[in-house]
Amino acid sequence: MGKKASLFSTAPGIIVVGAFIGSAAALLSVLGNPANMGICVACFTRDLTGALGFHRASSVQYLRPEIPAFILGSFAAALLAGEWRPRSGSSPFVRLLLGALAMIGALVFLGCPWRAWLRLAGGDWNALLGLAGLFAGILVGIVFLKRGYSLGRNYPQPASLGLVMPLLAAALLVLLALSPLFGRDAAGNPTGPIFRSVKGPGAEAASELVAAAIGLAVGFLAQRSRFCTVGALRDLVLFRDARLFLGLAALFVSALIVNLATGRFHPGFAGQPIAHSDGVWNFGGMALSGLAFTLAGGCPGRQIFLSGEGDGDAGVFVVGMILGAAISHNFNLASSAAGPSPYGPAAVIAGLVLTLAIGLGFRERASAA
Amino acid sequence: METTPSIVVDARGLACPEPVMRAKAALVRAKGGSVEVLVDNGTSRDNVARLASREGRAAEIRDNAPDGWRIIISAAGI
């Protein structure tokens, strides 16, 4: 078991995984996924939320197969490596809030940390402001960690808990394949899920089978290598440990190479795909996200992979992201290509206050070793 | 010959980066002495072992702890 883990825990191992994820993400855009959004964990979770009808923004509703495939790929990898370990109990309700807050911030920027790097690899310089915000959020999170911030321990749970997320993922794939509509009005228009955008980013997608296959592979490799876009910067600052950062750098470089090779690198600030150029709120949105992800222990992708390997608290975080996506669109907090919504900045500020309060309020128990 | 570490860090149930932070703090408290770290997941096991190697220490991983691994980080200079 230890030997299998060590293959991926080497520097070359994580570089190969990062390069695979970066090139696969860029290729998914070539194959039909939205531009600079070959893989975006936040955006795809938001699309999935819309497909289920939890928000009704008609341009961003699609049950993206990548998300359930990530869970199932990680589940398979963890089972094979003997690392599937159902566990829970580390402040799940706080993790629900952090997931929602991270999503609200991401949808003000228009992307999660994965997409921030993919946007930069496509020449979208607005991503620089977002990445600066992300880094600032992670740095504040590190200050809290150094002060003893902790959400407490998890504890082993029955196998049934660890099966919840994989079974949910399988059910989502069945819903995607069958595409049932649970409601229609008298005129025959759909009033209930499963929704599917006919225009907008939600209508842009690679074939379901290709997306699912790539999602499974990414989930498998990311579980084995512990790939994490937030841990990459955190570990570099906190421990001078560059292992995860090498994976992130490989993601960026490989996506850049694919974009250059396929004529998809368009440098500039203006007119970037599914992006706005309000620098202040690109920074602010990602600062909120970066802080919330750091306080929860990892980026949105990492949370999804952990949920596949049995971490029920990470599963609650993922549900929190779904909740956050619903709040963002139902309360008109999410940005559009035109810029932040009138309510987005206030949501980011309120979110930062709440997240800072979580950082201050949860400390290591005095009795802990 | 086996020396018993004077400091034992129970990092079971904790997610990264906390096990590594606690192990690092324990190494400082041990002032060059050996430290034992209990972990219950592969990520923490690998991360704590990597911490030891960055600190120039040897890490011996034993599979015999309840629900996980005991990692013995050797004393400095051995």
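FYI, it's all coordinate maths here, none of it is from the lab. Please read all numbers here as calculations on a predicted model, not as lab measurements. Every residue, glycine among them, receives a Cβ derived from its backbone with ideal geometry; neighbour counts consider all protein chains shown.
Remarks
- Positions within region A:226-241 being under 15 Å from the mean Cα position of the chain (by Cα) and assigned to a helix (DSSP H, G or I), in sequence order: A:Thr229, A:Val230, A:Gly231, A:Ala232
- Number of positions in region A:107-117 that are part of a helix (DSSP H, G or I) and either among the basic types (Lys, Arg) or over 17 Å from A:Leu244 (Cα atoms) (or both): 4
- A:Leu80 vs. criteria surrounded by fewer than 24 Cβ atoms within 10 Å (Cβ to Cβ), assigned to a helix (DSSP H, G or I) and within 14 Å of chain B (Cβ to nearest Cβ): yes
- A single entry from B:Ala49, B:Ala23 fulfils the requirement of being more than 10 Å from chain A (Cβ to nearest Cβ), among the aliphatic types (A, V, I, L, M), assigned to a helix (DSSP H, G or I) and buried (at least 16 other Cβ atoms within 10 Å of the Cβ): B:Ala23.
- Residue that is nearest to the other protein chains (Cβ to nearest Cβ) [pool: residues in region B:52-66 that are surrounded by fewer than 14 Cβ atoms within 10 Å (Cβ to Cβ) and more than 21 Å from A:Arg243 (Cα to Cα)]: B:Asp63
- Of all residues in region A:23-73 being among the β-branched types (Val, Ile, Thr) and out of contact with any Asp or Glu (no Cβ under 7 Å at 6 or more places or on another chain), the one that is nearest to A:Met286 (Cα to Cα): A:Val41
- Of all residues in region B:26-41 being in contact (Cβ under 8 Å) with a residue 12 or more places away in the chain and closer than 17 Å to A:Leu238 by Cα, the one that is farthest from the other protein chains (Cβ to nearest Cβ): B:Leu27
The rows are residues; the columns are (1) of a type outside the set (D, E, K, R); (2) in contact (Cβ under 8 Å) with a residue 60 or more places away in the chain; (3) out of contact with any Ser or Thr (no Cβ under 6 Å at 6 or more places or on another chain); (4) within 20 Å of A:Ser307 (Cβ to Cβ).
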{"site": "A:Ile194", "(1), (2), (3), (4)": "yes, yes, no, no"}
{"site": "A:Ala217", "(1), (2), (3), (4)": "yes, yes, yes, yes"}
{"site": "A:Phe220", "(1), (2), (3), (4)": "yes, yes, yes, yes"}
{"site": "A:Ser225", "(1), (2), (3), (4)": "yes, yes, yes, yes"}
{"site": "A:Leu236", "(1), (2), (3), (4)": "yes, no, yes, no"}
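- Per-region count, region A:226-263, residues among the hydrophobic types (A, V, I, L, M, F, W, C), within 14 Å of chain B (Cβ to nearest Cβ) and buried (at least 24 other Cβ atoms within 10 Å of the Cβ): 6
- Against the numbered list (1) more than 28 Å from B:Ala26 (Cα to Cα); (2) of a type in the set (A, V, I, L, M); (3) in contact with a helix residue (DSSP H, G or I) (Cβ under 6 Å, 6 or more places away or on another chain), A:Val140 comes up short only at (1).
- Test result for B:Ser44, in contact (Cβ under 8 Å) with a residue 24 or more places away in the chain, out of contact with any Lys or Arg (no Cβ under 8 Å at 6 or more places or on another chain) and more than 15 Å from B:Ala75 (Cα to Cα): yes
- A:Gln223 meets all of the listed conditions (1) part of a loop (DSSP other than H, G, I, E, B); (2) of a type outside the set (A, V, I, L, M); (3) out of contact with any strand residue (DSSP E or B) (no Cβ under 9 Å at 6 or more places or on another chain); (4) crowded, with 19+ Cβ neighbours inside 10 Å but one, namely (1).
- Members of region A:161-200 that are small (Gly, Ala, Ser), assigned to a loop (DSSP other than H, G, I, E, B) and within 17 Å of A:Leu48 (Cβ to Cβ): A:Ser179, A:Gly192, A:Ser197, A:Gly200
- Boolean, A:Ser150 is touching a residue at least 12 places away in the same chain (Cβ under 8 Å) and within 14 Å of chain B (Cβ to nearest Cβ): yes
- Search result, residues across region A:293-317 that are closer than 19 Å to B:Arg12 by Cα and either outside any helix (DSSP H, G or I) or touching a strand residue (DSSP E or B) at 6+ places or on another chain (Cβ under 8 Å) (or both): A:Leu295, A:Gly297, A:Gly298, A:Glu309, A:Gly310, A:Asp311, A:Gly312, A:Asp313
- A:Val164 vs. criteria among the β-branched types (Val, Ile, Thr) and surrounded by fewer than 21 Cβ atoms within 10 Å (Cβ to Cβ): yes
- Total residues in region A:119-130, condition farther than 16 Å from A:Leu260 by Cα, in contact with a Leu (Cβ under 8 Å, 6 or more places away or on another chain) and crowded, with 22+ Cβ neighbours inside 10 Å: 1
- Checklist (1) closer than 22 Å to A:Ser225 by Cα; (2) within 12 Å of chain A (Cβ to nearest Cβ) applied to B:Arg70, failing item: (2)
- Here is the figure for region A:271-292: residues that are crowded, with 24+ Cβ neighbours inside 10 Å and either free of Cβ contacts under 8 Å to residues at least 24 places away in the same chain or not in a helix (DSSP H, G or I) (or both) total 1.
- Filtered residues of region A:331-369 (kept if assigned to a helix (DSSP H, G or I) and within 25 Å of A:Gln272 (Cα to Cα)): A:Gly344, A:Pro345, A:Ala346, A:Ala347, A:Val348
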